[in-house]
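Chemist: Once you've had a glance at the structure underneath, I'll fire off some questions.
The values are calculated or read from the model by the stated rules, or taken from the named source; none is laboratory data. The structure displayed is predicted, hence computed values, not measured ones. Glycine gets a Cβ as well: all are built from the backbone with ideal geometry, and neighbour counts include every protein chain shown.
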Amino acid sequence: MRFFKSPEMVTPEKALPGRGTEMPVPALHETLGTPLNGPTPEGFATAYFGLGCFWGAERLFFETPGVFTSAVGYQGGFTENPTYQEVCSGMTGHAEVVKVVFDPSKVSFAQLLSVFFEGHDPTQGYGQGNDVGTQYRSAIYTTSPEQERMAHEAKNAYDEQLKLRGLGPITTEIAPAGPFYYAEDYHQQYLVKVPNGYCGLGGTGVSCPVGLFNQA
């Protein structure tokens, strides 16, 4: 139980201004060997997921067959090209997010939603495990109306499963994707570079019923 004041989302007026300079990132993915920042092969799709500290979250996705590339960054807030320190201050409004580029012929968006929901506890509001702050919120930022529809259906279906276990309600934010700002070089594929590094993710142990919302 938390005995301190819960974090609050910063308002646009009070958010840090950021900067016009983009964060330099490596050309290639540490594990997959694919471009971190495009180009994206024709027919592939992109989605964005926030599920707490992005170090462990990214590993969940780049280990999923059918994922072409992944990167970590900041999204959903107000500050342009923020730094990690600025995001952790709670004054940007951004969440720590994983950008996932995938081949729909090998892995469906519905399957990625299962990886997302089962990979963390989506009921914790502004935090995940011992990590507390608006940057650790659960979020899905979609790139098409179809993704948005499926995300809501998955959320509703998983919420029902959690209720059966006495858990919930789900607090996952679902919204169309705004600008994605790449995180610093050392954050990209962090747990590949630092195999024993921190990973605060922990799921609920409840399976996400992918079949209930995997409809075209």
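Chemist: Could you tell me how many of the residues in region 90-108 are surrounded by fewer than 24 Cβ atoms within 10 Å (Cβ to Cβ) and more than 17 Å from residue 189 (Cα to Cα)?
Modeler: So the count comes out to 9.
Chemist: Of the residues in region 88-113, how many are within 13 Å of the chain's Cα centre (by Cα) and of a type in the set (Ser, Thr, Tyr)?
Modeler: Adding up the residues that qualify gives 0.
Chemist: Right, something else. Please verify whether residue 174 is in a strand (DSSP E or B), farther than 28 Å from residue 26 by Cα and modelled with pLDDT of 95 or more, treating the condition exactly as stated.
Modeler: Yes: the conditions hold for residue 174.
Yes/no per residue for (1) farther than 20 Å from residue 41 by Cα; (2) without any contact (Cβ under 8 Å) to a residue 24 or more places away in the chain; (3) of a type in the set (D, E, K, R):
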{"position": "85", "(1), (2), (3)": "yes, yes, no"}
{"position": "103", "(1), (2), (3)": "no, no, yes"}
{"position": "121", "(1), (2), (3)": "yes, no, yes"}
{"position": "137", "(1), (2), (3)": "yes, no, yes"}
{"position": "142", "(1), (2), (3)": "no, no, no"}
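Chemist: Do you know which of the residues in region 130-149 that are in a strand (DSSP E or B) and of a type in the set (Ser, Thr, Tyr) is surrounded by the most Cβ atoms within 10 Å (Cβ to Cβ)?
Modeler: 138
Chemist: Okay, next question. Do you know which residues across region 120-160 are over 15 Å from the mean Cα position of the chain (by Cα) and over 19 Å from residue 201 (Cβ atoms)?
Modeler: Listed by number, the residues that qualify are 144, 145, 146, 149, 150, 152, 153, 156, 157, 159, 160.
Chemist: Run down 20, 50, 33 and say which single residue is within 19 Å of the chain's Cα centre (by Cα) and of a type outside the set (A, V, I, L, M).
Modeler: 50
Chemist: Of everything in region 64-89, what is surrounded by 19 or more Cβ atoms within 10 Å (Cβ to Cβ) and farther than 21 Å from residue 24 by Cα? Give them in sequence order.
Modeler: Within region 64-89, just 67 meets the criteria.
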